[in-house]
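Shown next, in structure tokens, is the structure this report addresses.
The values are calculated or read from the model by the stated rules, or taken from the named source; none is laboratory data. Keep in mind it's a predicted model, so treat the numbers as computed, not measured. Every residue, glycine as well, gets a Cβ built from its backbone with ideal geometry; the counts of neighbours run over all protein chains shown. Note: accessible area is taken over every heavy atom of the protein model, side chains too, but ligands, DNA and RNA are not part of it. Shrake-Rupley method; radii C 1.70, N 1.55, O 1.52, S 1.80 Å.
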Amino acid sequence: MATTHKIRLGLLDLIIKEQIMEPKTKVRWVDEKRVYVETPQGDDFIVGFPDESLYRCQKQASWFQVDKFVASLFDKYYEGDASVIMGEINRQMLINHVGSIFSYYSFDKESVSKERVRIGQRIRELREAKGMDAKHLAFYADIDAANLCRIESGKYSVGLDILTKIGYALGMEIDFVEPKHQ
């Protein structure tokens, strides 16, 4: 019982210190098992926990701020090397009896950008194969022609709703397919 009290006070002290200096890393809950982490270095991660217990604890006990604790650990230990998440950050969570990290996913911004360009080029190819100019496709998809131009050039991140409208206007439907291995 006394050990639990000391652990809680230790975690609470760390959170209180971090509240004085707001963490630079931004952390928000995605769902009951995962948090989205945005680091000051510009790296983004989804960090997963084994179950919903950390989420439930944070909701039930105002002093138990897992998101702030994770943010403070990223501020302290993350310097651009993703292996530190399963290494030192996970170790600190275990040492402080907060829990453990089950998994993490890193968003490779360069790959995301390349994929945006690839999809834009594919939209242009389909449009040209159907003999449509951009203004007509934009009209049929009920989107702004300037936005369609930015989408086709890979300079605009398109949401699923707009992508579905474009697909419908091209007589296509959106689906997940196996990637080509080059």
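Here the Karplus curve 6.51 cos²θ - 1.76 cosθ + 1.60, taken at θ = phi - 60°, turns the phi angles of the range 70-77 into couplings of 4, 4, 5, 5, 5, 4, 7, 10 Hz, with x standing for Gly and Pro.
Percent of Cα pairs in the range 48-182 per distance bin of 5 Å, from zero to the largest separation: 2, 8, 15, 15, 9, 7, 8, 10, 11, 9, 4, 1, 0.
For the listed peptides 151-157, 68-74, a ranking on the average number of other beta carbons within 10 Å per residue, highest first, reads 68-74, 151-157. The Rg/Rh ratio of the range 19-128, with both radii computed over alpha carbons and Rh defined as the Kirkwood radius, is 1.11. Checking the table 33/68; 33/165; 24/155; 26/114 against a 23 Å threshold on Cα-Cα, which pairs fail? Distance filter (> 23 Å) returns 33/165; 24/155; 26/114. Per residue, the range 23-182 exposes 64 Å² of solvent-accessible protein surface, assessed with a 1.4 angstrom probe and all protein chains in place. Note on the range 62-154: with charges restricted to the Cβ of Lys and Arg (+1) and Asp and Glu (-1), its dipole about the Cα centre is near 200 debye. Residue by residue, the range 157-174 carries 3J(HN,Hα) couplings of 7, 9, x, 4, 4, 5, 4, 5, 4, 5, x, 4, 5, 8, x, 10, 10, 7 Hz when phi is fed to the Karplus relation 6.51 cos²θ - 1.76 cosθ + 1.60 (θ = phi - 60°); x denotes Gly or Pro. The GluC sites (Glu not before Pro) of the range 49-92 meeting both criteria, a DSSP state outside H, G, I, E and B (loop) and at most 10 other C-beta atoms within 10 angstrom of the site's C-beta, are 79. Note on the range 132-182: the C-alpha convex hull projects to 4.3 nm² when averaged across all orientations.
The string of couplings for the range 22-34 from the Karplus curve (6.51, -1.76, 1.60, θ = phi - 60°) is 4, x, 6, 6, 9, 10, 9, 6, 8, 7, 6, 10, 9 Hz, one whole number per residue in order, with x for Gly and Pro.
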